[in-house]
Structures are given as C-alpha cells and as structure tokens.
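Here is the structure we will look at, set down as structure tokens.
The values are calculated or read from the model by the stated rules, or taken from the named source; none is laboratory data. This one's a predicted model, so the numbers in the text were calculated from it and none came from an experiment. Cβ atoms come from the backbone with ideal geometry, glycine included; neighbour counts cover every protein chain shown.
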C-alpha cells in the first residue's frame, strides 16, 4: 500500500494542492477544504491507524521493531542532499 501512496504523492502538482474541494458533509452542510489540508490530514490520520495496528501487534507478542522517528532519521552530516532528493550515506 505504501508504494501506491508514494506514487500518488509523487504525481501531485502544486495546482492539485491548491485546489479547493467543495462538498456537502453527511449532515448536508456545505463545506470547502483546500486539497493540501486534506493531504496533510490523510498522513496524520494514517499515523493514528498505524499506531493502532502497532499496539495490537505488540499485544499479540509480535516484535514490531523501532517505531520512533528520531531513531530512523539519519544524522544530518550523514545525508547527501540535492534539489530533488536526500540519500543516506
């Protein structure tokens, strides 16, 4: 599933992110949201559900490994940067 999310994000343009979505919520109330805010919510909410799955796996005795982001981010002096990517050295 992650590869689908990565492909989706890679294809988003700046104009996509500026798009204003107009819709009616489940109560019939009209609403508008900027697409970039919805993308941000998608990742934030995904984190919530991944945390739920991690908890269930840990309760079932599965070693889920390191989940702390700080442990996964390389030291700045060990990252090679370019305008379009960063690579761990």
Got a number for residues in segment 9-21 being within 20 Å of residue 32 (Cβ to Cβ), under 16 Å from the mean Cα position of the chain (by Cα) and either outside any loop (DSSP other than H, G, I, E, B) or touching a residue at least 60 places away in the same chain (Cβ under 8 Å) (or both)? 1
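To keep it simple, each residue is scored yes or no on (1) out of contact with any strand residue (DSSP E or B) (no Cβ under 8 Å at 6 or more places or on another chain); (2) assigned to a loop (DSSP other than H, G, I, E, B); (3) touching a residue at least 60 places away in the same chain (Cβ under 8 Å); (4) surrounded by fewer than 10 Cβ atoms within 10 Å (Cβ to Cβ).
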{"residue": "7", "(1), (2), (3), (4)": "yes, no, no, yes"}
{"residue": "45", "(1), (2), (3), (4)": "yes, no, no, no"}
{"residue": "50", "(1), (2), (3), (4)": "yes, no, no, no"}
{"residue": "53", "(1), (2), (3), (4)": "yes, no, no, no"}
{"residue": "61", "(1), (2), (3), (4)": "yes, yes, no, yes"}
{"residue": "67", "(1), (2), (3), (4)": "yes, yes, no, no"}
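Return the residues of segment 69-89 that are in a loop (DSSP other than H, G, I, E, B) and at pLDDT 70 or above; say none if nothing qualifies.
Scanning segment 69-89 gives 73, 74, 75.
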Please go through segment 19-43 and pick out each residue that is surrounded by fewer than 12 Cβ atoms within 10 Å (Cβ to Cβ), in contact with a strand residue (DSSP E or B) (Cβ under 8 Å, 6 or more places away or on another chain) and closer than 20 Å to residue 2 by Cα. none
